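Colleague: One structure follows; several queries about it will come next.
The values are calculated or read from the model by the stated rules, or taken from the named source; none is laboratory data. Quantities reported herein were computed from a predicted structural model and do not represent experimental measurements. Every residue, glycine as well, gets a Cβ built from its backbone with ideal geometry; the counts of neighbours run over all protein chains shown.
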Amino acid sequence: MEHLASASPKHHAWLKRLANISIFYKILIANSSIVVVGAIAGTYLTLRFGDNVESVLEFVLLFAMIGTLVSVVVNWMVLRATFQPLDELERTVDQVRQGNFSVRASKPDFGDPNIDALSQTMNGMLDTVERYRAQLHNLSMQVVSAQEEERKRIARELHDDTAQVLTAQLLRLKTLEATSAQLDADNLQQLIDMTAAALEDVRHMAYELRPPSIDDLGLHASVESLTAQFRERFGIPIAYRTEGSKRRFPSGIEIAMYRIVQEALTNVAKHANADSATVELGSDERFVWARVQDHGAGFDPLSVDRSDGSGLGLFGMQERTTLFNGKLKIDAAPGRGTTVTVRIPLPEHASINSNIPTPEVAP
């Protein structure tokens, strides 16, 4: 009994190794075994009954029939067991086609290593797709939330600033109308100042939504103006440099570049705690590029958790870059500042960066 128990694991290990060899060697072993067994049996029976010619012919016919039948049965069993993973792959692909991305191809005990590797590759691909689908869902929810927050902010500014100024003006004018008082110079100047302030608030909000200089003056003038606004608004020394010609680019590319620079400067103003920054914008015959560099606190790009919305700005920059087959690089580290570089190919060279990876991050 002990001998049988010790032999059983060895037997199973031998069968497992046999099941894991390729289909080529399985068929070769099966057919070679049939030939060897048939040759041995045929030789033995021929030697024993060789004196009877009729018996020899009968044995030859019998062995030919038996050999053909055994060969067909054995090859059928081997091929069916080996190609069973292909049936499983077909069912998996059909489930994926119907929208079920949680399905996975199982690994049978008896199969082909190459087909098993294909199944593992497909399962890995489906795992990646599932992760991307979950991430896309979370990011989509964040985008919707960000849109709602932006609408709330605009509504709040209109209500708290512009609407209150206009209400105060209306009350002053109604008071003057009710009392039939003369509009003196002080009241007139106050109304003018309030009107100018309300107009400036409206213009500021409109500029944030869509800067008119993009359409009128182009990317270079818009980025230079944006840099000056951030310099004045937040008191951060921001240098602006250009390289190459200041020609116009396609509207979509100009908007994308402008928004990326705007988001990078917003991060500098809100998070970097920087004492200075630099904005560079350039182009050549093939690319238009921009670089925003600050000498602030920096951060670890790999530690940004997009699930809570903190990385939504980085995601937006990457999405705008990818939309135009561009490349975004974020070079940052705690205590070393942050450099955001974006490069977008011009339309006649758009195929140069057709395969865009996820944002490059450098420590």
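Colleague: Checking the condition among the small types (Gly, Ala, Ser), loosely packed, with under 13 Cβ neighbours inside 10 Å and at pLDDT 70 or above, which residue from 39, 30 passes?
Modeller: One residue alone meets the criteria, 39.
Colleague: A further question follows. Which residues, taken from segment 260-271, are under 15 Å from residue 235 (Cα atoms) and crowded, with 23+ Cβ neighbours inside 10 Å?
Modeller: Within segment 260-271, 265, 268 meet the criteria.
Colleague: Next up: Going through segment 254-279 one residue at a time, which ones are over 22 Å from residue 334 (Cα atoms) and basic (Lys, Arg)?
Modeller: Correct list: 259 only.
Colleague: Is there a residue in segment 219-226 that is in contact (Cβ under 8 Å) with a residue 40 or more places away in the chain, of a type in the set (S, T, N, Q) and surrounded by 15 or more Cβ atoms within 10 Å (Cβ to Cβ)?
Modeller: No, segment 219-226 contains no residue that is in contact (Cβ under 8 Å) with a residue 40 or more places away in the chain, of a type in the set (S, T, N, Q) and surrounded by 15 or more Cβ atoms within 10 Å (Cβ to Cβ).
Colleague: Return the only residue of 116, 94 being farther than 30 Å from residue 36 by Cα and in contact with a Pro (Cβ under 8 Å, 6 or more places away or on another chain).
Modeller: The match here is 116.
Colleague: Could I ask something else about it? Any chance segment 197-215 includes a residue that's surrounded by fewer than 11 Cβ atoms within 10 Å (Cβ to Cβ), out of contact with any Phe, Trp or Tyr (no Cβ under 6 Å at 6 or more places or on another chain) and more than 21 Å from residue 313 (Cα to Cα)?
Modeller: no
Colleague: Among the residues that make up segment 117-134, is at least one of them more than 31 Å from the chain's Cα centre (by Cα) and free of Cβ contacts under 8 Å to residues at least 24 places away in the same chain?
Modeller: No, there is no match, as no residue in segment 117-134 is more than 31 Å from the chain's Cα centre (by Cα) and free of Cβ contacts under 8 Å to residues at least 24 places away in the same chain.
Colleague: Still on this structure, please answer the following. Quick check on segment 107-130. Is at least one of its residues of a type in the set (Lys, Arg) and modelled with pLDDT of 75 or more?
Modeller: Within segment 107-130, none of the residues are of a type in the set (Lys, Arg) and modelled with pLDDT of 75 or more.
Colleague: Given (1) over 14 Å from the mean Cα position of the chain (by Cα); (2) modelled with pLDDT of 90 or more; (3) under 24 Å from residue 139 (Cα atoms), where does residue 292 come up short, assuming only one miss?
Modeller: (3)
Colleague: Filter segment 160-182 down to residues that are hydroxyl-bearing (Ser, Thr, Tyr) and more than 24 Å from residue 200 (Cα to Cα), then give me how many there are.
Modeller: Looking only at that region, the number is 3.
Colleague: In addition: Which numbered condition trips up residue 237, out of (1) at pLDDT 90 or above; (2) under 32 Å from the mean Cα position of the chain (by Cα)?
Modeller: (2)
Colleague: For segment 210-232, name all the residues that are under 26 Å from residue 276 (Cα atoms), assigned to a helix (DSSP H, G or I) and modelled with pLDDT under 85.
Modeller: Passing the criteria: 213, 214.
Colleague: If you don't mind, there's one more thing I want to ask. Can you find a residue that is farther than 28 Å from residue 320 by Cβ, at pLDDT below 75 and not hydroxyl-bearing (Ser, Thr, Tyr) anywhere in segment 136-159?
Modeller: So far as segment 136-159 goes, yes, one or more of its residues are farther than 28 Å from residue 320 by Cβ, at pLDDT below 75 and not hydroxyl-bearing (Ser, Thr, Tyr).
Colleague: Now a separate question. When you go through 278, 322, 341 one by one, which is the residue that is assigned to a helix (DSSP H, G or I), among the β-branched types (Val, Ile, Thr), within 27 Å of residue 216 (Cα to Cα) and modelled with pLDDT of 80 or more?
Modeller: Sole residue among the options that is assigned to a helix (DSSP H, G or I), among the β-branched types (Val, Ile, Thr), within 27 Å of residue 216 (Cα to Cα) and modelled with pLDDT of 80 or more: 322.
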